[in-house]
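Visitor: Below are the structure tokens for one structure; questions will follow.
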Amino acid sequence: MSRVVVTGRVPEAALEKLRAEHEVDAWQGPESIGREELLRRVAGADAVVSLLTERIDAELLDAAGPQLKVVANVAVGYDNIDVPACTERGIVAANTPGVLTDATADIAMGLILMSTRRLGEGERLIRSGQAWKWGMFFLLGSSLQGKTLGVVGMGGIGQATARRAKAFGMEIVYQSRSEIDPQIAAELGARRVDLNELLTVSDVVSLHCPYGPATHHLIGAEQLAAMKSSAYLVNTARGPIVDEAALASALREGQIAGAGLDVYEHEPRVHPELLELENVVLLPHLGSATVETRTAMAMLAADNALAVLSGEGPPAPIN
Ligand code: DGY
């Protein structure tokens, strides 16, 4: 029997699966586990099932000890894990691709609709108790039909967002490290372009690339300036892909029309200027937040940990 440390609350089904084979120490506090408590608990662990709110770095891996075999993140993004540090120590790192694709694409599409149709503004107006009535020019947004969606990062979530946007009558361009499957590209009518062209031709730019040194502030002042003044930026990927100060300034100056964000550069803090702006929709990292999706993520993370503990390769390895 091995020792599995789970760094935060996860659906019970995943804990049961782990407990059936191993001793499980799962943090059950309402708040995230503190760093010191985490370092103390991981000592002697054979597997760590981690949430994206916990930093899994060299210090933590060393605090766990040389018996640690696997870090299984309950997330597809793994910018919270120092993967090279895992690899150097012979530790398998794993994530949860696939199971949250549709839920995240739904939120991206939701943000596209919320920002282009000014749904947040409308909701805030009603709740404020201000008088309102239907008017020819009241809270006009912009239509999606015939507009262009630029997808930055055309992996599973980017493709699923493109599929939804196509159903709303949008044309698709994308920027990605590699060409996507030609059949999917043909179905979507998607054309691969470079980032600069994508920014200049898109009416909505939706970010779906992973976060790392190569994508830090991929969208900054220069890129925002390249966008149409009528365009919208949507981010359901990771906050630091966007320079939030530059975004706040572009939104304030009318350099772009609006934005929809589910993730933040210094999450959970939100740039104070964004909070003051009407033309940005702000969600609290809800991309994968459905009961079904979170359960599937936790089950896949458990499967990743269990496979490595029984000497097999995990279903979703990172390294
Ligand atoms: C992920 O899995 O990376 C998502 O951001 C979680 O919502």
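Visitor: Under 1.5 on a/c is rounded, so check that first for the stretch 1-53, then, if it is not, pick prolate when a/b is larger than b/c and oblate when it is not; a ≥ b ≥ c are the square roots of the alpha carbon gyration tensor eigenvalues. List each step's numbers first, then the result.
Guide: On the way: a/c = 2.32, a/b = 1.25, b/c = 1.86.
Oblate.
Visitor: Just to be sure I understand: with springs between alpha-carbon atoms less than 10 Å apart, which residue in M114, M136, M170 has the highest mean-square fluctuation in the Gaussian network model of the chain?
Guide: M136
Visitor: Let me ask something else. Could you please state, rounded to a whole Å, how far the C-alpha centre of the stretch 130-193 is from the C-alpha centre of the stretch 266-319?
Guide: 23
Visitor: Counting only heavy atoms of protein chains, what accessible area per residue, in Å², does the chain have with a probe of 1.4 Å? Walk me through the numbers before you get to the answer.
Guide: Working: 14960 Å² over 319 residues.
Value for the chain: 47 Å² per residue.
Visitor: Rounded to the nearest 10 Å², what accessible area does Y78 show when all protein chains are kept and the probe is 1.4 Å?
Guide: Result for Y78: roughly 90 Å² accessible.
Visitor: Gap in Å between the Cα centre of the stretch 10-88 and the Cα centre of the stretch 89-114?
Guide: First find each Cα centre; the distance between them is then 19 Å.
Visitor: Then there's this: Of A47, S249, A75, which is farthest towards the positive pole of the chain's charge dipole, taken about the Cα centre with +1 and -1 on the beta-carbons of Lys, Arg and Asp, Glu respectively?
Guide: Of A47, S249, A75, it is S249.
Visitor: Among residues other than K69 whose Cβ falls under 12 Å from its Cβ, what is the net charge (Lys/Arg +1, Asp/Glu -1)? Write down the numbers at each step before the final one.
Guide: Details: positive: R3, R89; negative: D46, E312.
Counting the neighbours of K69, the net charge comes to 0.
Visitor: Right, another one. What is the stretch 101-282's relative contact order, in percent, from Cα pairs under 8 angstrom and six or more apart in sequence?
Guide: Working: 334 pairs, mean separation 38.5, N = 182.
Once normalised by length, the contact order is 21 percent.
Visitor: If you don't mind, there's one more thing I want to ask. Using the Cα centre as the reference, give the magnitude of the dipole from point charges on the C-beta atoms of the stretch 101-282 (Lys, Arg: +1; Asp, Glu: -1; all else neutral), rounded to the nearest 20 debye.
Guide: Values: 16 positive and 21 negative charges, 102 e Å.
Magnitude of the dipole: close to 500 debye.
Visitor: Another question about this same structure. Mind pulling the per residue volume of the convex hull built on the Cα atoms of the chain? Å³ is fine.
Guide: Details: hull volume 46.6 nm³, N = 319.
In the chain, the Cα hull volume divided by residue count equals 146 Å³.
Visitor: Now for a different question. From the protein chains alone at 1.4 Å, what is the descending order of accessible area for I256, I126, largest first?
Guide: Details: I256 0, I126 90 Å².
Ranked list, largest accessible area first: I126, I256.
Visitor: With a ≥ b ≥ c the root eigenvalues of the C-alpha gyration tensor of the stretch 193-266, is it rounded (a/c under 1.5), prolate (a/b larger than b/c) or oblate? Each step should come with its number before you reach the end.
Guide: Working: a/c = 1.60, a/b = 1.22, b/c = 1.31.
In terms of gyration-tensor shape, oblate.
Visitor: Within the chain, which whole H helices from DSSP have a Cα span along their axis of at least 15 Å and a mean Kyte-Doolittle hydropathy of 0.5 or more, if any? List each step's numbers first, then the result.
Guide: On the way: long enough: 101-116 (22 Å, 0.97); 156-167 (17 Å, -0.52); 291-309 (27 Å, 0.95).
Those that clear 15 Å and a mean of 0.5 are 101-116, 291-309.
Visitor: May I pose another question? Compute the signed sum of charges (Lys and Arg +1, Asp and Glu -1) over the other residues within less than 14 Å, Cβ to Cβ, of N304. Before the final figure, lay out each step's value.
Guide: Details: positive: K17, K69; negative: E21, D46, D303, E312.
So the environment of N304 carries a net charge of -2.
Visitor: To the nearest 0.05, what FRET efficiency results for E292 and E197 with a Förster distance of 41 Å applied to their C-beta separation? Intermediate values should be presented prior to the final figure.
Guide: On the way: r = 37 Å, r/R0 = 0.91.
In this case the efficiency is close to 0.65.
The values are calculated or read from the model by the stated rules, or taken from the named source; none is laboratory data. This is a predicted model, so every value here is computed, not measured. Cβ atoms come from the backbone with ideal geometry, glycine included; neighbour counts cover every protein chain shown. All accessible areas refer to the heavy atoms of the entire protein, side chains included, with ligands and DNA or RNA removed. Shrake-Rupley method; radii C 1.70, N 1.55, O 1.52, S 1.80 Å.
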